[in-house]
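FYI, it's all coordinate maths here, none of it is from the lab. Treat the numbers as computed from the prediction; the structure is a model and nothing was measured. Here the Cβ positions follow ideal geometry from the backbone for every residue, glycine too, while neighbour counts run over all protein chains shown.
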Amino acid sequence: MSNPSLSHVDENGRVSMVDTSSKPIVHRVAVAEGFFVAASSTLDQLMDGQMPKGDALATARIAGIQAAKDCDRLIPLCHGLPLDQVVVEFERMAPDQVRIRSSVTVVARTGVEMEALTAVSVAALTLYDMTKAVDTSLKIEGIQLVSKKKTSV
C-alpha cells in the first residue's frame, strides 16, 4: 500500500512534487547496476581502452557521474540534491558482459535511488554510443536498484 504523505498526486489529482520538508536529514546511499552486452572482441577493445572513439570507459564514467548530478533536470519530479559522492565502476562479468555499478551518497531529506539508476543508465548509453561503430549486437540489460540505506547523522 502506498504512503499518502509521499504521493506525487495532489488533492486535485494533479501530479506534483513530494514535500520532503518534514522528513529528517539523514545519510543515504543507493547502489544500482546494469549490464552492457557486446561481442567478446568488442569488450576486449573496450576494456583495453582501444575503441576507435577513444577511452569509452572513462567517457562513460564521467557521463554517469554527470547524469546523477543532473537527475532532477532529467526526471521531472526528482528533487535537486547536493550529492556528496557518485562512483561509477565497470567490471567484466563474462566474455560478452560488463557490469556497470553506481553508488551515490548524500546527506538529505530524500533518497538517491533515481540518481544511482540514472548514472548506470547514462553510462550504459554512453558505452553503446562509443562502441556502436564496431558492433551491431549491443544490448543494455538488467538496470536495477541493488540496495539503499539510510543512517542518522
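Details
- Using a Förster distance of 35 Å, the FRET efficiency for SER22-ALA58 (Cβ separation, nearest 0.05): 0.25
- Spin-label pair ARG14/VAL134, simplified geometry with 7 Å Cα→Cβ offset, distance in nm: 5.2
- FRET efficiency for the pair GLN85 and LEU145, taken as 1/(1 + (r/R0)^6) with r the Cβ-Cβ distance and R0 = 25 Å, rounds to 0.90.
- Rounded, prolate or oblate (a/c below 1.5 giving rounded, otherwise prolate when a/b exceeds b/c) for region 24-152 by Cα gyration tensor: prolate
- The helix-only estimate of mean residue ellipticity at 222 nm for the chain, built from DSSP H runs of length n ≥ 4 each weighted as -39500 (n - 2.57), is -9000 deg cm²/dmol after division by the residue total.
- Farthest toward the positive end of the dipole of region 24-152, out of VAL134, ILE62, PRO82, is the Cα of PRO82, where the dipole comes from beta carbon charges about the Cα centre.
- Proximal lysines to LYS150, defined as alpha-carbon separation beneath 20 angstrom and excluding residues fewer than eight positions away on the same chain: LYS23, LYS69
- Within the chain, the longest segment free of exposed loop sites, counting trypsin sites (Lys or Arg not before Pro) that fall outside DSSP classes H, G, I, E and B and have at most 13 other Cβ atoms within 10 Å, spans 54-131.
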